[in-house]
Structure formats: C-alpha cells, structure tokens
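Each remark here refers to the structure printed beneath this line.
Here, each number is a calculation from the coordinates, and none is a lab measurement. Bear in mind the structure is a predicted one, so any value in this text is a computation, not a measurement. Cβ atoms come from the backbone with ideal geometry, glycine included; neighbour counts cover every protein chain shown.
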Amino acid sequence: MIKKEFLEQSILATMLEENYLILDSQLKPEMFYGQYHRQLFMMMQQLAAGGHPVDYLTLSARFEEIENIGLAYVTELMMFADAEKFDDYVQLLREVWRERQKAHLLFQATEGDWAIPQIIERLDNVQLEGNMIDTKITQNLVDMHNRPCVEVNTSGLIIPHIRELALLIDGFRPGELTIIAARPSMGKTDVMNNLALYAGWQGHLPILFSLEMSKTILLDRLIATTGHYSRLKMRNPKKHFTDEQKSNWMHVLDRVNKSNVHIDDRSSLTIAQIRSQARRIIRQNAGRTPIIFIDYLQIIQADGDYDYSAIAMSKISRALKQMAKEFQCPVICLSQLNRNVESRGNKRPLMSDLRDSGSIEQDADIIILLYRNSYYQTETTNAPDTLELIVAKNRNGPTGTATASYNKNTGHITSKER
C-alpha cells in the first residue's frame with residue numbers, strides 16, 4: 001500500500017511540473033491529509049486560478065506563509081513527480097479521503113444518534129464529493145426548442161474522408177471508442193494513417209500511439225501515402241525516385257507536417273502512460289479537436305498480472321472507453337482478429353473473430369472489420385484492390401459495408417469511384 005505522504009507528494013510534485021493539472025484534477029485542499037500539503041495545494045490553486053505560473057519562485061514571492069512549509073521542501077518535492085501515474089494517484093487520494101469522511105460521519109452519527117435516512121444522505125454526499133448533479137431534463141428540452149429549424153452541427157465530429165464510411169457512421173464522435181480489426185497485413189495501419197492524415201488536414205489533432213512500429217517506419221508510411229510513393233522505392237529514394245518525385249519531395253514533407261500528426265512509438269505502453277501523454281499533447285495544442293489512434297490493442301501493457309488474457313483485455317478496453325469520455329474525443333484502436341476466419345469458406349470477418357472479443361464488443365461504440373478479397377487470392381495481378389470496411393457494430397447508426405480503393409504499394413486509401 002502506498003503511504004499517504006508519498007501519494008500526496010507525488011500529486012503535488014506532478015502539479016508543479018504540469019500546472020494545468022492543479023485545476024483539471026478538481027481536487028480540494030481538504031482531501032490532502034498532511035496539513036502542509038493542504039496549505040501548499042491551496043496556494044497553488046490560488047496562483048493557478050489567477051492565471052499565474054506555479055513554481056518555486058512564484059510560491060516564494062507571493063506567499064510569506066510558505067516559510068512555514070520551507071522552500072527547501074518544495075524543491076525536494078520535484079523528485080516525486082510521476083505524470084504517468086498521476087490519474088491513479090488522484091483516484092487513490094479521493095478514495096482515502098472518502099474513507100476518512102465516512103469514518104468521521106459514522107462517529108458523528110453515533111455521538112449524535114442520527115436517524116438512518118440522515119446517515120445515508122450524508123454518506124451519499126461524500127460519495128459525490130459534495131457535487132450535486134442536476135438530473136432534471138426540463139432545461140435540456142427547452143434548449144432544444146429550435147432544433148428542427150437549425151442546421152445540425154455535431155461539435156467535435158470528425159468525418160472520415162472515405163465517403164461510404166462517412167455515410168454509414170456519420171463520423172467519429174467525441175467520447176466514442178472505435179475498434180478497427182483485421183488479420184495481419186490486411187491494411188489496418190494504412191487505414192489508421194489515412195484517417196489520421198485527413199483528420200489533421202481538416203484541422204484536428206491526430207495523436208498516434210504506435211506500440212509495434214517505430215516512428216521512422218511510420219513516418220515513411222505517412223510520406224508514401226501522402227506523396228503516392230511506392231514503399232519499395234522509399235527504401236532508396238535517390239536510386240528509385242523519378243526526377244519529378246524528387247522535385248516534389250519537399251512539398252510532400254510540408255504536406256505531412258501540416259497534418260500536425262503526433263507520434264509516440266514507445267512499446268509496451270500502459271493505458272496510464274497513453275492517457276498521460278495524450279493529455280500533455282492536447283494541452284499543448286489547445287483549440288484542436290484531438291483524435292487518438294492506438295496500434296494495437298493486444299500489445300497494450302496491462303497494469304498487473306492476469307491469469308487470463310481475456311480479463312486483461314476487458315480492463316484495457318474499458319479503460320479506452322473511459323479515456324474517450326474523459327478527453328471528450330474519439331479513440332480509435334486497432335485490433336487483431338483470431339485465426340478462426342481462415343478456416344471458413346467465406347473469409348469475411350465477424351465480430352466473434354475478435355481476439356478476447358466479449359468485452360471489446362461491449363465497450364466499443366463502433367467496430368469496423370477490414371477485408372480484401374485479393375488478400376486470399378494466389379494470383380493477384382488482376383485482383384481489384386478493393387478494401388471492404390465492414391461496420392459490424394454501430395451504437396448510434398446502421399451497420400453495413402463501405403468500400404474504398406486501396407493502393408497496397410503506397411498505402412493510399414480513397415473513396416471508391418462508382
């Protein structure tokens with residue numbers, strides 16, 4: 001069990017490194033057990049609320065009472081900063097505070113001989129941290145009075161560039177988890193790259209977590225897709241590129257750069273690490289709607305040891321959905337399909353082909369399964385490069401199949417011409 005003192009030190013230290021967490025965490029001074037920690041956090045809150053930076057200098061210059069804590073202590077705090085575990089530590093701090101509050105309330109109830117309904121009400125308030133939620137719907141309905149007369153504009157909706165897919169799912173919505181699944185080499189990563197590039201060119205903020213592929217290789221793929229370059233020729237552009245392709249090179253690089261794609265290629269990331277990095281990137285790019293891509297689900301590192309991979313996948317898929325809701329942005333995660341599909345005559349995948357599919361089917365808002373007929377043909381010279389995007393689950397719309405044109409050499413995916 002983590003000591004309360006270390007827990008609070010780590011939270012305060014991380015806030016000193018990342019000032020936006022002071023207000024975003026929605027913590028209260030009374031949630032800290034240590035008196036000095038309560039006092040320090042209160043000072044940090046006042047500075048942050050006033051729009052001031054919070055660091056050693058601003059604390060020492062603004063508050064004389066900081067001497068009661070000791071500036072040397074503030075300096076020593078910094079060694080406890082851990083942004084990747086911040087969310088878990090905040091959650092643990094809240095739980096510890098709730099337990100203290102419950103114990104105090106039960107003591108008061110015993111001393112004051114409270115009635116059972118009064119005890120239940122006070123305990124409920126502790127569970128809600130005193131923040132009462134308005135559950136009435138009247139005002140929501142009043143706000144909708146003019147809805148049939150105005151153009152629909154879903155805030156934060158990111159529309160895919162593949163026309164048939166956009167018609168089926170409308171777009172990737174804030175707070176929703178999308179799973180894109182396929183057999184190896186079917187085109188999952190290329191679909192991710194295309195969606196990320198076009199989202200960036202629309203003014204959004206694509207954040208790619210590439211747990212399997214290095215940043216260098218992923219960049220080469222993004223460049224090949226953007227410039228319509230053969231990936232084979234990308235291995236030695238000086239030798240294989242035409243003069244026209246060479247002259248167009250800088251324009252392609254500029255085009256990729258304007259997508260504002262961010263790539264984290266660390267392997268074996270946990271959900272906490274992904275969440276921490278995503279939060280930092282989002283804060284640094286305020287004003288852009290984020291869309292998070294993860295390649296891929298089965299190699300996300302689980303927190304803790306589990307006897308069954310299905311249990312680990314269940315926790316990870318649920319955490320991905322929670323992350324989408326927390327950041328109010330779409331989260332798109334790639335996933336592998338199991339080998340069952342290979343034993344069937346019709347090899348178009350089904351949701352049941354998802355590895356450890358139970359929790360994934362439940363948590364995902366949209367599930368898209370990829371299929372190319374040419375993938376299974378021995379003679380591929382005349383096979384059409386048609387990519388089927390099978391929308392097997394769509395929580396807020398219809399299911400069906402969208403088709404797109406897929407260039408295997410460049411990785412470029414476009415709407416299929418009719």
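Below is a table of values for the structure above.
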| item | result |
| --- | --- |
| Around Asn19: net Lys/Arg minus Asp/Glu count, Cβ-Cβ under 10 Å | -3 |
| Listed residues Tyr296, Tyr56, Tyr375, most fluctuating in the chain (Gaussian network, C-alpha, under 10 Å) | Tyr56 |
| Two-site label geometry, Gln46 and Asp113: point separation in nm, points 7 Å out along Cα→Cβ | 4.4 |
| 14 Å beta-carbon shell around Gly200, net charge (K/R +1, D/E -1) | +2 |
| Per-residue [θ]222 nm for the chain (sum of -39500 (n - 2.57) over DSSP H runs n ≥ 4, rounded to 500) | -13500 deg cm²/dmol |
| Contour minus Cα-Cα distance for Gln284 and Glu76 (0.36 nm per residue) | 72.2 nm |
| Separation of the Glu95 and Gln202 label points, Cα + 7 Å toward Cβ, nm | 3.8 |
| Contour excess over end-to-end distance, with Cα ends at Tyr36 and Ala61 and 0.36 nm allotted per residue | 7.2 nm |
| Gln301-Asn409 pseudo-label distance in nm [points 7 Å out on the Cα-to-Cβ vector] | 4.1 |
| Theoretical gain in end-to-end length, Leu350 to Thr216 [0.36 nm per residue, Cα-Cα removed] | 44.9 nm |
| Sequence-distant lysines (8 or more away, or on other chains) whose Cα lies within less than 29 Å of Lys393 | Lys188, Lys315, Lys321, Lys325, Lys347, Lys408, Lys416 |
| Alpha-carbon centroids, the stretch 320-377 and the stretch 160-233: separation in whole Å | 15 |
| Prolate/oblate/rounded call for the stretch 250-302, Cα gyration tensor, a/c under 1.5 rounded | oblate |
| Förster-model FRET efficiency, 22 Å R0, Ile137 and Arg395, C-beta, rounded to 0.05 | 0.55 |
| Set of lysines with alpha-carbon distance to Lys4 below 25 Å, sequence-local pairs under 8 removed | Lys28, Lys85, Lys102 |
